[in-house]
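Here is the structure we will look at, set down as structure tokens.
The values are calculated or read from the model by the stated rules, or taken from the named source; none is laboratory data. Here the structure is a predicted model, which is why all the values come from computation and not from measurement. Quick reminder, even Gly has a Cβ in these numbers, built from the backbone with ideal geometry, and neighbours come from all protein chains shown. Each accessible area value is taken on the protein alone, full model and side chains, heavy atoms only, with ligands, DNA and RNA left out. Shrake-Rupley method; radii C 1.70, N 1.55, O 1.52, S 1.80 Å.
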Amino acid sequence: MPRSPYRYAGAILAQAQGQWNPQKQNMGMLELEINQLVPGGKEILILSLQEFTVPGREVGTAELPYLNGRVKYPTAPNALGNVSATFRDFPETGARRVLHQWFQLVYNERTGLMLPPSVLKTNGHLVLFSADGTQERTATLEGLFPTKEPEVAINFAAGDHMVMQIDFSVDRVIWDPSLLAPAG
């Protein structure tokens, strides 16, 4: 008699003997190393972060004839997508000011000038925590810079803080080896 999915899941959980907690979606943080570009900006952005998404890596594929069919093989990796982050803008913190100053290094509206990438790119760190708050997995994000300045949206009907969604270009996401073999 085939097992039901419920019984199968129950057997897996019984084997785990309470050693694994579920990963919650809100157990992580994104730290951007921008204090050299915008002094004091790192902590402001950490504290006003609402959510973020870091892209995964994708490789291309190509085909070769093999016997009477075709097989696929991996080709060069595709460029990474953007890191998408949402920040809450409180008037007292100046999160919009920090993002505006960083974006002005990418493109200054007054002068029309852009700084070289070597000057405006920075690194970031992604940290995922376990349920008890200890650091579990980390990744280094290399070559970050904002690709757009957050828009301003005014709504007189709401009394909430402003929310800014911004995308950052990223060159590489390098996971710490503990992702593959978590300490236990």
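Structure values in brief
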{"quantity": "Residue tally, condition aliphatic (A, V, I, L, M) and modelled with pLDDT of 90 or more, over the range 140-163", "calculated": "2"}
{"quantity": "Condition check for Leu47: over 26 Å from Leu115 (Cα atoms), open to solvent by 80 Å² or more (accessible area, probe 1.4 Å), among the hydrophobic types (A, V, I, L, M, F, W, C) and not in a helix (DSSP H, G or I)", "calculated": "no"}
{"quantity": "Residue count for the range 62-104, restricted to those that are within 18 Å of Gln36 (Cα to Cα) and either part of a strand (DSSP E or B) or open to solvent by 40 Å² or more (accessible area, probe 1.4 Å) (or both)", "calculated": "5"}
{"quantity": "Residue within the range 144-153 that is free of Cβ contacts under 8 Å to residues at least 12 places away in the same chain, over 22 Å from Leu32 (Cβ atoms), part of a loop (DSSP other than H, G, I, E, B) and among the aliphatic types (A, V, I, L, M) present", "calculated": "yes"}
{"quantity": "Test: residue in the range 127-137 that is open to solvent by less than 70 Å² (accessible area, probe 1.4 Å) and part of a helix (DSSP H, G or I)", "calculated": "no"}
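For every residue, the table says whether it meets (1) farther than 23 Å from Val163 by Cα; (2) touching a residue at least 24 places away in the same chain (Cβ under 8 Å).
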{"site": "Arg70", "(1), (2)": "yes, no"}
{"site": "Asn78", "(1), (2)": "yes, no"}
{"site": "Asp89", "(1), (2)": "no, yes"}
{"site": "Arg97", "(1), (2)": "no, no"}
{"site": "Tyr107", "(1), (2)": "no, no"}
{"site": "Thr122", "(1), (2)": "yes, yes"}
{"site": "Arg137", "(1), (2)": "yes, yes"}
